[in-house]
Amino acid sequence: MAYLSTIDFFEDRSFLDRWKAAMKGDLDLSWMNAATEQIECRPQNPRRGLTFRDLDVGSYGFSELPEVVRKNRTFAPRGAELVDGLPDLQPEVSRKSEVWAYNIEGYYEEAMTRQWNAATDIAWHDLAKYDVPDEINRAFAQLCTFLTEVEMIATDVPAKWVGKLSPDFFEVKNFIATQAMDEARHAEVFRKRALASGVGLMKASPQNEWSLKQLRDADSFAEMSVGLHLAGEGFVLTLFRFSEYISPTDVDKKMFRLVMQDEARHVGYGMQHLKWVIDHFPEKREMIHAHLDEVENMLFGGGYATEVTESFIILSGKGLKKQNIEQGVRITAQFQLKQVEEYFERLDKCGLTERRRMSKLANAMELTKAMLSEMGVAA
Ligand SMILES: [Fe+2]
Ligand SMILES: [Fe+2]
């Protein structure tokens, strides 16, 4: 019945006759006997309400999904009766191992309960109470420009993939949709912060954008997810914590605390996904390392671009005088070491402990440590 797509419904006799008959009260009612399970789901925990976990029942559930979902290639929700004539949507991602994560059903629910509003949850009016020096204002506006750039691509990437996933991966699709929304809010809040600073936006970063473009162009969901959820957003999570620490005002500290909440959830999915893949498909290890080689190159190029490194030096040293810059360099170098260390710790937790020995980031961090020791600072 693929011909359905070519039917002119305004002219089709059988369609029009059936519609007219229904409107005269002559009902077909065949849908009343859908060949589906009759169930009644109730919240296990009334405080949480009716969750995806409560719906994990029989043909509606997610626990028993096979590695390759072949049956449903349509928009039909998992558990509905599949009839002839449904369109073939040719979903690109039909392997569970490409998308699944431990506790996948919890990430969407958490996202829904922790939404916030960039227009009203930030005390924008209070910014006027702070007398921020010009160079700090400019450095912070540059940081917000860089972060807006990052968050815009972080919105585009999950949004690009959501429609390519099999409809049977419902819990993943919904989570990815909340992620796109979270990232859109992050782009909003950083843009608003730059425009509220009295400076406006600063420079776009070619190095950052070429790196991010690699994420957008990833060939598979698995490659994208290692790059975005685990590595990229992991780096960003440490960066947000550092940015909170060096923020010029309490208004900004709150902004970073709010974006961190969301980012931690995205990284949580990335880690639980990688862990799931390594536990169930250890043979994919080599492929994951190949992805990480590319991703680390991207992180180093984008995250250590001039525009962001120098903003951090000025913000953490609190100025442009020689002693400020020296202090800023020391603090920024320690942040970079922490960022890479936390990245390796995340991979350790996923069972990829050998990455520390293989990564070029580790070499870059040796350089940083050597520079710190020349300055007489312990790493
Ligand atoms: Fe984000
Ligand atoms: Fe994120």
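The values are calculated or read from the model by the stated rules, or taken from the named source; none is laboratory data. These numbers were taken from a predicted model, which means no experiment stands behind them. Positions of Cβ are generated from backbone atoms using ideal geometry, with glycine treated the same way; all protein chains shown enter the neighbour counts. Each accessible area value is taken on the protein alone, full model and side chains, heavy atoms only, with ligands, DNA and RNA left out. Shrake-Rupley method; radii C 1.70, N 1.55, O 1.52, S 1.80 Å.
Summary table below
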{"item": "Given (1) among the hydrophobic types (A, V, I, L, M, F, W, C); (2) more than 19 Å from residue 289 (Cα to Cα); (3) open to solvent by less than 10 Å² (accessible area, probe 1.4 Å), number of the condition residue 237 does not satisfy", "result": "(3)"}
{"item": "Positions within the range 131-152 being within 16 Å of ligand 2 (Cβ to nearest atom) and open to solvent by 30 Å² or more (accessible area, probe 1.4 Å), in sequence order", "result": "152"}
{"item": "Failed item in (1) under 23 Å from residue 115 (Cβ atoms); (2) open to solvent by 40 Å² or more (accessible area, probe 1.4 Å), with residue 245 passing the rest", "result": "(1)"}
{"item": "Residue that is farthest from ligand 1 (Cβ to nearest atom) [pool: residues in the range 163-173 that are open to solvent by 40 Å² or more (accessible area, probe 1.4 Å) and not basic (Lys, Arg)]", "result": "170"}
{"item": "Test set (1) touching a His at 6+ places or on another chain (Cβ under 6 Å); (2) away from ligand 1 (no atom under 16 Å from the Cβ) - residue 151 fails condition number", "result": "(2)"}
{"item": "Selection status of residue 259, away from ligand 2 (no atom under 13 Å from the Cβ) and in a helix (DSSP H, G or I)", "result": "no"}
{"item": "Test: residue in the range 328-342 that is in contact with a Lys or Arg (Cβ under 8 Å, 6 or more places away or on another chain) and either within 16 Å of ligand 1 (Cβ to nearest atom) or within 30 Å of residue 172 (Cβ to Cβ) (or both)", "result": "no"}
{"item": "Of all residues making up the range 174-199, the number that are closer than 27 Å to residue 130 by Cβ, away from ligand 1 (no atom under 13 Å from the Cβ) and not basic (Lys, Arg)", "result": "6"}
{"item": "Matching residues, the range 158-192, being within 14 Å of ligand 2 (Cβ to nearest atom) and over 26 Å from residue 66 (Cα atoms)", "result": "180, 181, 182, 183, 184, 185, 186, 187, 188, 189, 190"}
{"item": "Matching entry among 53, 95 (being within 30 Å of residue 350 (Cα to Cα) and in contact with a Gly (Cβ under 8 Å, 6 or more places away or on another chain))", "result": "53"}
{"item": "Boolean, residue 252 is under 24 Å from residue 99 (Cα atoms) and of a type outside the set (Phe, Trp, Tyr)", "result": "no"}
{"item": "Only listed residue being modelled with pLDDT of 95 or more and open to solvent by 40 Å² or more (accessible area, probe 1.4 Å), chosen from 292, 195", "result": "195"}
{"item": "All helices (runs of 4 or more DSSP H) inside the range 1-115 with 3 or more residues being open to solvent by 100 Å² or more (accessible area, probe 1.4 Å)", "result": "13-23"}
